[in-house]
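The values are calculated or read from the model by the stated rules, or taken from the named source; none is laboratory data. Model, not experiment: these values are computed from the prediction. Neighbour counts are summed over all protein chains in view; Cβ atoms, including those assigned to glycine, are modelled from backbone coordinates with ideal geometry.
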Amino acid sequence: MKRTERVGAMLQILRENPNKTFSLGYFCDMFDCAKSSLSEDVSAAKRALEISGYGRIETSAGAKGGLKYIPSISQKTAESLLHELECKLEEKDRILANGFLYTSDIMFNPVIAKGVGQIFAKKFENCRADYVVTVETKGLPAALMTAEMLNLPLVVLRRESKISEGSTVSINYFAGSAERIQKMSLAKRAVKPGTRALIVDDFMRAGGSIRGITDMMREFDVEVVGVGVVIAAKVPEKKKVSDYFPLMYLGTVDADEQIIEIEQNVEGLKEIFE
């Protein structure tokens, strides 16, 4: 293979497996080339990613060393994604009863979910999480994409326990500003004590669901090291969780006046790229 062909193949493999370490020997065997030649290929791949803004390649020495692709998203691309989200969320026909918006088509859009995952992965890349955790159902795509970018297992808390998951732990929590009691459950073998979790969800009003997930993690002796939500409601101002990172803020939703107040977390996004 020519160098350009090797570099192209290497980038394809690395980008399909973000945050997974590959030994140099793996690529030497695949391309049937010497390590000296491969080192030059890696340098070329690094430059390509740096110029394009699609992430970076990190190398490590030693017996367990190698190289891995750290995904990223440029500030311009992230800003474009949030602008697209804002435009979609401002569509008047999304207004539902009781101040809610229809968002299923947005949350289950693979392109949007991947972009959201890239932003969350960049925000929380140094939190040293062992899992990405969410509660079914609309938070699943964003959480799954975040987990893929960070090369972490996805843990899903269920509203109802399933016999296929074996023994479970269930807790009751207060959901929403109306303080409705709901239940969530998690299989006992889903997480290990002493580990760390990153919570990702689609929407937060009062923070009841996020608080419920946090309480569940505490039952398993798992530390929550970050919370990312796609949309956070402005009201109530005082949430049941204090430390969270939203992409969008939702204000007034008035069906009679056809008003939807939505805005981007501009300052939060800027901090990621500083």
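Here are the numbers for this structure:
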{"read-out": "Residue satisfying all of: in segment 41-52; surrounded by 15 or more Cβ atoms within 10 Å (Cβ to Cβ) and not hydrophobic (A, V, I, L, M, F, W, C); nearest to residue 75 (Cα to Cα) among these", "value": "46"}
{"read-out": "Residue in segment 261-268 that is of a type in the set (A, V, I, L, M, F, W, C) and within 23 Å of residue 90 (Cβ to Cβ) present", "value": "yes"}
{"read-out": "Filtered residues of segment 119-171 (kept if without any contact (Cβ under 8 Å) to a residue 40 or more places away in the chain, part of a loop (DSSP other than H, G, I, E, B) and on the phi < 0 side of the Ramachandran plot)", "value": "126, 136, 137, 153, 159, 160, 161, 162, 167"}
{"read-out": "Boolean, residue 168 is at pLDDT below 95 and farther than 18 Å from residue 245 by Cα", "value": "yes"}
{"read-out": "All positions within segment 196-247 that are surrounded by fewer than 18 Cβ atoms within 10 Å (Cβ to Cβ), among the polar types (S, T, N, Q) and in contact with an Asp or Glu (Cβ under 8 Å, 6 or more places away or on another chain)", "value": "none"}
{"read-out": "Within segment 13-111, helices (runs of 4 or more DSSP H) holding 1 or more residues that are under 25 Å from residue 151 (Cβ atoms) and in contact (Cβ under 8 Å) with a residue 60 or more places away in the chain", "value": "75-89, 104-107"}
{"read-out": "Residue match in segment 149-167 (condition: over 29 Å from residue 116 (Cα atoms) and surrounded by 14 or more Cβ atoms within 10 Å (Cβ to Cβ))", "value": "no"}
{"read-out": "Segment 14-40, residues that are exposed (fewer than 15 other Cβ atoms within 10 Å of the Cβ) and among the β-branched types (Val, Ile, Thr)", "value": "none"}
{"read-out": "Qualifying residue in segment 256-269 (condition: exposed (fewer than 13 other Cβ atoms within 10 Å of the Cβ), closer than 19 Å to residue 139 by Cα and not aromatic (Phe, Trp, Tyr))", "value": "no"}
